[in-house]
Amino acid sequence: MSRTPGRSTSTSAGSSWWLLLLLIPFVALLWVPFYNRFDPALFGIPFFYWYQFVWVILTSLIILLVDSRTREVDAADRDDRP
Amino acid sequence: MNWTAITVFVLLFGLVTVLGFVAAHWRRGDLTELHEWGLAGRRLGTVITWFLLGGDVYTAYTFIAVPALVFGAGAIGFFALPYTIIVYPLVFLILPRMWAVAHRHNYITAADFVQGRYGSRWLALAVAVTGIVATMPYIALQLLGLQVVIGAMGVGTGGGLAGDIPLIIAFVILAAFTYTSGLRAPAMIAVVKDTLIYITVMALVIVVPYQLGGYGKLFAAIPPEKLLLPTPGAGTLGQYSAYATLALGSAFALFLYPHTMTAVLSSSSAQVIRRNAAYLPAYSFLLGLLALTGFMALAAGVASLPEFAPQFEQYKSNFAIPALILHSFPDWFAGVAFAAIGIGGLVPAAIMSIAASNLFTRNIYVAFIHPNCTRAQETQNAKLVSLVVKLGALVFIIFLPLQYAIQLQLLGGIWISQTIPAVIFGLYTRWFNPWALLIGWAGGLVVGTWMAGTTGFQSAVFPLQMDGLTVPGYAALYALASNVMLCVVLSPIFNQARATRGSDETAASDYRFGLGSRQQ
C-alpha cells in the first residue's frame with residue numbers, strides 16, 4: 001500500500017503511525033497454524049473458533065481507535081457538498 | 001405444504017413490497033437523475049449505510065452457502081469469518097478516498113473513475129464489463145436462496161415451470177420497485193431484512209445448542225477431520241495456505257464488486273464510510289455464528305431425517321439450514337426465518353442490478369453507443385437495463401443447471417479481482433500506464449481462468465508448485481500477482497510513449513480522504 005509521495009505534512013506524519021495498527025488483524029488471522037488447534041477450548045468451543053470471533057471485536061475496536069486518532073476536520077468534507 | 005410458514009412469509013414479503021414502492025418518496029430527489037436513482041442522491045447516513053452495506057455483503061446466498069460449506073466441508077468453510085474481518089481495515093483505508101474523488105467528479109461507477117483518471121475508455125470498458133459479468137451469476141444465486149426457502153415450505157418441489165411461479169412473482173415485485181424507486185428501495189428494505197436476519201440467527205444459536213445439550217456437546221458431535229483444518233503433510237501447505245489466501249483474496253475482491261461500490265458511493269460523506277468500517281464487523285460476528293449453524297445441522301443429523309430426503313436430493317447441502325430451521329422451530333417462526341432469507345435475496349439482487357445497469361449505461365451506452373444522450377435519457381436507460389439484467393438472472397436460474405451459476409460466481413470472484421490494479425492503485429498513483437493495466441487485466445483473466453479450469457471449475461483453490469513445495473491458494477490472488485507483475489513491467493515501457501498515457505481529469509486534492517491525506 002503506497003502513500004502518495006509528498007502529501008504528508010509534519011503534523012500528519014505523527015498521526016499516520018496509527019494506521020499501522022490496522023496491520024494487526026492481518027497478522028493475527030492469516031497465520032493459520034497459530035490458531036488451528038482445539039485447546040484451550042472455551043465453554044466447549046474450540047480455540048480455532050472463539051479466537052476468530054474475538055478478532056471480530058478487536059478489529060472493530062482497532063478501527064474505532066485509528067479513526068478517532070486520524071480523523072480530519074469535517075468541515076473539509078462538508079464545504080463541497082451540494 | 002406448510003401453510004403457517006407460507007402465510008407468515010407472504011405477509012412479511014407484502015410488507016417489504018409496500019416499503020419498496022414507498023421508498024421512492026423517501027428523501028425525495030429527482031429520480032430522472034442517475035445519481036438520484038442509482039445512488040439515492042449520495043445522501044445515506046451512517047445508520048442506513050450500515051444496513052445497506054450489510055444487506056449487500058451478507059446476501060441470501062451467503063446465508064445458504066456458508067453454512068452449507070461448513071456442513072459439507074468443515075473448518076475450511078469458516079474462512080468467511082477472517083475474510084469479513086480483514087476486509088474492514090481495507091475499507092477504512094481505501095474507500096473514503098474513492099468516495100472523495102467520486103463525489104468531486106460525480107462518478108457513479110468504478111469504471112467512471114478509471115475513465116477520468118486514465119482518460120482511457122477501453123480500460124474503463126474492461127472494468128465495466130468485468131463488473132457486469134461478475135455480477136450476473138451473483139444475482140442468479142440470490143434467486144437460488146429464494147428458491148431453496150420456497151422449496152422448504154413445500155412449494156414447487158415437484159420441479160417443472162409451474163414450481164417456479166412463486167420465484168417469478170417475487171422477481172416481478174423486485175423488478176418493479178427497483179425500477180420506480182432505485183437504490184432507495186433496497187436501502188429501506190435492508191432495515192427490515194437485517195432485523196429479521198438478526199432475530200433468526202440469534203434464535204438459532206440459542207435454541208439449537210440448547211436442544212443439543214450445549215456447545216460442548218455440539219462440537220463433540222463434529223467429526224475431528226471437519227472440526228479443524230487438517231495438518232498439512234510434507235511438501236505442501238495444504239489447507240493452511242488455502243484458508244489464508246481465500247480470506248485475503250476474497251477481502252480484496254469484495255469492494256471491487258459493483259454492488260459494494262454502489263453502496264459505498266451512496267453514503268453522504270467519507271466519514272460515514274470510516275465509521276461503518278468499525279461498525280460493520282457486527283455483521284461478521286453474525287456471519288460467524290451463521291457458519292456455526294452448519295455444524296448444528298450436522299450435529300442435529302438433519303440430512304438423515306426421512307422427511308427432508310426429497311429436498312436434500314434436490315438442493316444438496318444447500319438445504320442444511322432450511323432443514324435445521326424446520327427441524328428446530330415452530331412453523332410460524334420458520335416462516336419468519338425463511339422470509340428473512342428470501343428478503344435477504346431481494347436486497348442485494350436489487351443493488352446488484354442497479355450497479356450493473358449503472359455500469360452498462362455510463363461506461364458502455366454513453367461511452368460507446370449514444371454519447372450525446374441527455375441525463376434523463378441516461379437514467380431511463382439505466383432503469384430499463386436493470387430490468388434486463390434481472391430477467392437474465394431469472395432465465396439463468398430457471399433454465400440452466402445450477403452448477404453453471406455456482407461455477408460462474410466462482411470465476412466472477414477471480415475476474416473481478418483483476419480490476420484491482422486499475423481501480424485501487426489508481427487511487428494512489430498515476431504511475432501505471434493504462435495500456436499496461438489493460439494487458440495486466442487480460443493476463444490476470446487468462447491465468448485465473450486457466451487455474452480454475454485445471455480443477456474443472458470445481459474449486460477456486462489452485463495447487464501452485466514453488467521449488468518443490470505445493471502451495472494451494474486462491475486462484476484470484478495468484479492471478480492478481482501475475483496481473484500486477486505485468487503492470488509493473490510494462491508501465492515504464494509504455495510510458496516512454498507519451499501518447500499512450502491518456503489524460504487525468506482528477507487533481508491530488510480530490511482524494512482528500514483516506515490513507516495519506518492528512519493535510520487540510
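The values are calculated or read from the model by the stated rules, or taken from the named source; none is laboratory data. None of these values were measured; they are calculated from a predicted model. So basically every Cβ, Gly included, is an ideal-geometry build from the backbone, and we count neighbours across all protein chains shown.
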Just need a number here: residues in the stretch B:36-67 that are part of a helix (DSSP H, G or I), crowded, with 24+ Cβ neighbours inside 10 Å and more than 17 Å from the chain's Cα centre (by Cα). 2
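Could you list, in sequence order, the residues of the stretch B:105-132 that are in a helix (DSSP H, G or I) and modelled with pLDDT under 90?
The one that is in a helix (DSSP H, G or I) and modelled with pLDDT under 90: B:121.
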Mind checking which helices (runs of 4 or more DSSP H) fall wholly inside the stretch B:300-364 and carry at least 2 residues that are among the small types (Gly, Ala, Ser) and more than 25 Å from residue B:260 (Cα to Cα)? B:320-328, B:331-360
Going residue by residue through the stretch B:185-200, is there one that turns out to be surrounded by 16 or more Cβ atoms within 10 Å (Cβ to Cβ), of a type outside the set (Ser, Thr, Tyr) and either within 14 Å of chain A (Cβ to nearest Cβ) or not in a helix (DSSP H, G or I) (or both)? no
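Per-residue answers, yes or no, for (1) in contact with a Leu (Cβ under 6 Å, 6 or more places away or on another chain); (2) in a helix (DSSP H, G or I); (3) among the β-branched types (Val, Ile, Thr):
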position	(1), (2), (3)
B:431	no, no, no
B:440	yes, yes, no
B:457	no, no, no
B:482	no, yes, no
B:489	no, yes, yes
From the list B:215, B:257, pick out the single residue that is crowded, with 20+ Cβ neighbours inside 10 Å, without any contact (Cβ under 8 Å) to a residue 12 or more places away in the chain and not acidic (Asp, Glu). B:215
Could you tell me whether the stretch B:441-463 includes any residue that is surrounded by fewer than 16 Cβ atoms within 10 Å (Cβ to Cβ) and closer than 24 Å to residue B:117 by Cα? yes
Close pairs (9 angstrom Cβ cut-off, 6 or more residues apart or separate chains): within 7 Å of chain B (Cβ to nearest Cβ) and farther than 17 Å from residue B:248 by Cα in the stretch A:25-39, of a type outside the set (Val, Ile, Thr) and loosely packed, with under 14 Cβ neighbours inside 10 Å anywhere: A:38/B:224
Taking the conditions exactly as written (closer than 28 Å to residue B:394 by Cα, assigned to a helix (DSSP H, G or I) and more than 24 Å from the chain's Cα centre (by Cα)), does residue B:165 satisfy them or not? yes
Among the residues of the stretch B:153-173, is any surrounded by fewer than 21 Cβ atoms within 10 Å (Cβ to Cβ) and either within 14 Å of chain A (Cβ to nearest Cβ) or under 22 Å from residue B:380 (Cα atoms) (or both)? yes
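Which fully enclosed helices (runs of 4 or more DSSP H) of the stretch B:234-280 have 1 or more residues being under 27 Å from residue B:127 (Cα atoms) and within 13 Å of chain A (Cβ to nearest Cβ)?
Helices (runs of 4 or more DSSP H) meeting the threshold: B:238-254, B:270-279.
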What residue, among those in the stretch B:384-403 that are free of Cβ contacts under 8 Å to residues at least 60 places away in the same chain and in a helix (DSSP H, G or I), is farthest from residue B:37 (Cα to Cα)? B:403
